[in-house]
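K.L.:
The structure follows.
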Ligand SMILES: [Zn+2]
């Protein structure tokens, strides 16, 4: 069995150009070519183009204000004075109304677009340009089309989502992510009647956005293994083992932070620990980042192709309908084969 692949040509339309990291513009790594190298490596899998879906599940996950901002930001920026002011066409926030600024006072929404952006974007690395919204919205359709395949009887379906999504909360975007594809897929599975949905996030970074969306929810478990934020890694303030959910969602979040340099043995062991934790789920979403690979420029983990294959096997062995949603993975030379290895593992021994 080869796991079906869902993609959309529109996901190529987002071009990050650069990130602003500690004051320095650095070339973006979440580039359109990621789509092409993954597709090339999955040649031979049944492949489908995403079909359009309405905003229903998207609006369950995200606040309408965030969606409206993202849908119009690039156009509004182009219509504003920015070409003359700064000579560049990307929406970059510079002003962030943090709790420290607000000091308990009720703020009046900012008038200027360059000030408004910081109400939604929480870092300086996640630029919005022409095509960003179209690509992010297409990625949601990719995730929902993959969920459709699984709900129609496929054991698993792979959603080639780009840009990735697991850093997006209900109200805010960042970490090279704009819309939370995995969370939207989980909502679709729930709505179709799955009572116990689990999200296992194997990306090298903690999926703070997904955690936030389901933090107080008893119906979706979120488990993640990732490089320890306490060692100085994004998203810095979340992803620690002490975070386990709250309210009705107490105990439904689980984090396994790993030391820098972690390789296949303990990494696959952590995947197995999460698999055991969600063993009674009726449907699974995997946030399939492959940036834990040794050569990836964005993380210090040292997972190999065999490690990803083994992780796929562990999660595939749960034997539940699974939507595999692409998150990070930035080493263009190896990205495709790492995704292919995971899918091969997830499909099980018959694919060997
Ligand atoms: Zn990542």
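K.L.:
Six or more apart or on different chains, Cβ under 7 Å: which pairs go from a residue in segment 121-137 that's on the phi > 0 side of the Ramachandran plot to one that's surrounded by fewer than 22 Cβ atoms within 10 Å (Cβ to Cβ)? Could you list them?
P.N.:
131/13; 131/15
K.L.:
Could we say that residue 267 is within 16 Å of the ligand (Cβ to nearest atom), within 20 Å of residue 311 (Cα to Cα), in contact (Cβ under 8 Å) with a residue 12 or more places away in the chain and not in a strand (DSSP E or B) here? Lay out the reasoning, then the answer.
P.N.:
Values: within 16 Å of the ligand (Cβ to nearest atom): yes; within 20 Å of residue 311 (Cα to Cα): yes; in contact (Cβ under 8 Å) with a residue 12 or more places away in the chain: yes; not in a strand (DSSP E or B): yes.
Judged against the criteria, residue 267 is a match.
K.L.:
Oh, and also: Is it the case, given these coordinates, that residue 51 is surrounded by 13 or more Cβ atoms within 10 Å (Cβ to Cβ) and either in a helix (DSSP H, G or I) or in contact with a helix residue (DSSP H, G or I) (Cβ under 8 Å, 6 or more places away or on another chain) (or both)? Spell out how you get there, then give the answer.
P.N.:
Details: surrounded by 13 or more Cβ atoms within 10 Å (Cβ to Cβ): no; either in a helix (DSSP H, G or I) or in contact with a helix residue (DSSP H, G or I) (Cβ under 8 Å, 6 or more places away or on another chain) (or both): yes.
No.
K.L.:
I need the strands (runs of 3 or more DSSP E) fully contained in segment 139-258, keeping only those with at least 1 residues that are in contact with a helix residue (DSSP H, G or I) (Cβ under 9 Å, 6 or more places away or on another chain), in contact (Cβ under 8 Å) with a residue 12 or more places away in the chain and within 15 Å of the ligand (Cβ to nearest atom).
P.N.:
Numbers: elements: 156-159, 197-201, 220-227, 253-258.
Where strands (runs of 3 or more DSSP E) fall fully within segment 139-258 and carry at least 1 residues being in contact with a helix residue (DSSP H, G or I) (Cβ under 9 Å, 6 or more places away or on another chain), in contact (Cβ under 8 Å) with a residue 12 or more places away in the chain and within 15 Å of the ligand (Cβ to nearest atom), they are 197-201, 220-227, 253-258.
K.L.:
Of the residues in segment 298-346, how many are in contact (Cβ under 8 Å) with a residue 40 or more places away in the chain, more than 16 Å from the ligand (Cβ to nearest atom) and assigned to a helix (DSSP H, G or I)?
P.N.:
Total meeting the criteria: 10.
K.L.:
Another question about this same structure. When you look at residue 280, is it farther than 27 Å from residue 154 by Cβ and assigned to a loop (DSSP other than H, G, I, E, B), yes or no? Steps first, please.
P.N.:
Working: farther than 27 Å from residue 154 by Cβ: no; assigned to a loop (DSSP other than H, G, I, E, B): yes.
No, not satisfied.
K.L.:
Among the candidates 286, 290, which residue alone is assigned to a loop (DSSP other than H, G, I, E, B), crowded, with 24+ Cβ neighbours inside 10 Å and within 16 Å of the ligand (Cβ to nearest atom)?
P.N.:
On the way: 286 fails: assigned to a loop (DSSP other than H, G, I, E, B).
Just one listed residue meets the conditions, 290.
Read-outs throughout are calculated quantities, based only on the coordinates presented, and are distinct from any laboratory measurement. A quick note: this is a predicted structure, and the numbers were derived from the prediction, not measured. Please note: Cβ atoms are built from the backbone with ideal geometry, for glycine as well, and neighbour counts cover all protein chains shown.
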